[in-house]
Amino acid sequence: MAVTVDDWAQLARLLRENSEIRREFASLLVSEELAGVRSALASLAAAQERTEQRLEALTGRVEALAEAQIRTEQRLEALTGRVDALTEAQIRTEHTVQTLVEEVRGLKDVTGGLRGESLERRYRERAAAYFGKLLRRVRVVSLQDFETEVDAALTAEEVDDLLLLDLLVAGRPRAAPTEAEVWLAVEISGRVDRDDVKRAHRRAGFLRRAGFRTVPAVAGEGLTEGAHEEAERLLVVVLVQGRVENWPQAIAAAS
């Protein structure tokens, strides 16, 4: 049955007039509110318990992660130590390799120097055999026998450079024995390169300035492509493995 306005008015009148009814009604209302509060508190308590359970589980996970992080940092520290040790070992290895490279390079320089000296001595001792196809009555010439002429024509620096010439030989051109004597300013190397050609050309030029008919020449066991091109350009005689190049052009240029 629906509650009307009159019903509410009658209830209000009864509550005003009868204190006992008013107390019972208030007690009823408070009981219902307390029941609602108790229900709400129970729900809050249950929610709090669930929250605490989840928090406890989360705390456990965080602690596990923290322990895993500690183990990771310990492993990382150990790995860093190993990397540092490997780096130091690599540095020592590189220093060792560099030292070996320098020692090998030094040995090569010594070996190359000894080989060059041996080659120069061979050409000096067997000058007639090596240069006889170009000159008659081949002889090895010493610059010390012509110090006066050389010193008068050249600067001190040029004289010093000229004294480093590997070999100087003289003779009359075999193809024209009636011509005047000619000198060969020879640079000797196991493998003749462009610098050998340039040195021979420069030092032969010094001797020509001192008044000697001189032809530049290079001799050795091999020849670089650059040396071959430079020798053709500068008209430098090449004697390599029994082969002679540029002789007619060079002797004509020196005439």
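Any read-out appearing in this document is the output of simple, stated calculations on the displayed coordinates, not a laboratory observation. These numbers come from a predicted model, not from an experiment. No Cβ is skipped: glycine too gets one built from the backbone with ideal geometry, and neighbour counts run over all protein chains shown.
At a glance:
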item	result
Length-normalised contact order of the chain in % [C-alpha pairs under 8 Å, at least 6 apart]	11 percent
Extension gain (nm, one decimal) between Ile91 and Arg16, 0.36 nm per residue minus Cα-Cα	16.7 nm
Counting DSSP beta bridges with both ends in the chain, the antiparallel % (nearest 5)	50 percent
Burial ordering of Ile21, Ile70, Ile188, fewest other beta-carbon atoms within 10 Å first	Ile70, Ile21, Ile188
The range 205-245 pair-distance distribution - Cα-Cα, 5 Å bins, rounded %	6, 23, 28, 20, 13, 9, 2
Relative exposure of Leu135, Leu184, Leu76, judged by other C-beta atoms within 10 Å (fewest first)	Leu76, Leu135, Leu184
Extension gain (nm, one decimal) between Glu221 and Val62, 0.36 nm per residue minus Cα-Cα	49.3 nm
Sites Ser118 and Ser142, calculated FRET efficiency, Cβ-Cβ separation with R0 25 Å, nearest 0.05	0.80
In sequence order, calculated HN-Hα J values of the range 170-187 (Karplus, 6.51, -1.76, 1.60; Hz; x Gly/Pro)	9, x, 8, x, 5, 6, 9, x, 7, 6, 5, 4, 10, 9, 10, 8, 10, 9
Percent antiparallel among DSSP beta bridges (both partners in the range 104-242, rounded to 5)	40 percent
The range 165-206: mean projected area of Cα convex hull, nm²	3.5 nm²
Length gained when the stretch Arg243-Thr51 is fully extended (0.36 nm per residue, less Cα-Cα span)	59.0 nm
Amide H contacts under 5 Å for Leu165, placed H, 5+ residues apart	none
Rounded, prolate or oblate (a/c below 1.5 giving rounded, otherwise prolate when a/b exceeds b/c) for the range 126-254 by Cα gyration tensor	oblate
Mean separation of Cα contacts under 8 Å, 6 or more apart, over the residue count of the range 126-254: relative contact order %	20 percent
Compactness of the chain - radius of gyration and Dmax, Cα, Å	55.2, 169
Sequence of Arg50, Arg139, Arg202 once ranked by neighbouring C-beta atoms within 10 Å, starting from the fewest	Arg50, Arg139, Arg202
